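Here, each number is a calculation from the coordinates, and none is a lab measurement. Nothing here was measured: the structure is a model prediction, and the numbers come from that model. Backbone-built Cβ (ideal geometry, glycine too); neighbour counts: all protein chains shown.
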Amino acid sequence: NIKKIPVHTLILCRHGDSIWNGGQPGTPETFTGWTDVPLSQKGLMEAKNTGRELSSYYMHGIDALFTSTLTRAVQTAHNCMWAYSDKPFASHPQKFVSDYRLNERHYGALQGFVKADVESGKYGHNAALVKKWRRGWYEIPPLLDDEDPRRKEEVRLYADLCGGADNVPRGESLEIVANNRIRPFLNEVLTPIMNDAASRRSSKAINDDVTGNYAVGGTGLVVAHANSLRALIGVMCNVESNNLALKRLETIKIQTGVPLVLKYCQLADGSYKAYDFSPQLVSEDKMNGSVDIITQPSPDLPVWPLSCIPKISNKSISQSLRKESPFKVPKNKNPSEQKMPVIQKDII
């Protein structure tokens, strides 16, 4: 028998609105990068809504949760899982990993500056140059000087976490994030965990939605940042060898509170392949015209909003409720008292 390659599902979730994202009155949009700011009230609600939304699609659970080490991502992950596990058939992921390699792209000397001020020329730059820095795959923003107080504070906070001061970035392009941080993280942490989840998962427990030489893999929730997620998509879709996909990736906006879905597999040579699962994305409510269908993603960049995935049927939920789950989370009458496993900072 030919061993099938597992096709894993990643739910990519940008953290909720932070106090520097400009999503609430009085909070101007600010270059954040590695600056560790918390969620706004809007962001907390987005995180909880994401958890409730996930429960409508992933009846058989999420195998692992991956997050960066920055507060806004960790807060999003916790609040998302609290809302998700409040459903009768939900269970917590069996693995929690927080890794600095999922941190946001470092914006160098721009960090802490209001974006509108930078674009207006207050710091000697212009809007066109700022756009290149924000979206260009190979563009590096101005670097933080070693004597800059912001640099000294980041070295103090992150040197041990990153394995030394030299590993604390002073400014990064998306390409640097992808190849120096995301690719090693995928190879060393995420994919091995997904492969392990696939080997444990019973084929009888889920619908076999992949065929041929592929098998159903694990499901992981990645709670990170707009640009670290952009870099992850870039690695999975091999954008450096596909100019069309690269240009598309540079233009898409990854919003807070809008989960995306990417299916992928790792080939024998260690490279990654994004799995185009678009033929399966036809749910009954879309066929009836009750939901607007978004423009179909390019086959070169097959990343879909979670809302395009068919929801769980009431019949499936009823059947699930009759089954015992060894990973069931006890439900408390007061949601605020519900226990959440502490996310481990597993730095590998």
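On the basis of the beta-carbon distance and an R0 of 35 Å, Thr251 and Glu147 show a calculated FRET efficiency of 0.45. For an R0 of 35 angstrom, estimate the FRET efficiency from the Cβ-Cβ distance between Thr27 and Arg200 and round to the nearest 0.05. The pair Thr27/Arg200 has a calculated efficiency of 0.20.
Rounded to the nearest 0.05, the FRET efficiency derived from the C-beta distance between Val114 and Arg156 at R0 = 30 Å is 0.75. By the count of neighbouring beta-carbon atoms within 10 Å, fewest first, Thr50, Thr27, Thr35 end up ordered Thr27, Thr35, Thr50. With 0.36 nm allotted per residue and the present C-alpha distance subtracted, the Asn167-Asn49 stretch has 39.0 nm of extension available.
Shape of the stretch 230-276 from the C-alpha gyration tensor: oblate (a/c of 1.5 or more and a/b not above b/c, with a ≥ b ≥ c the square roots of its eigenvalues).
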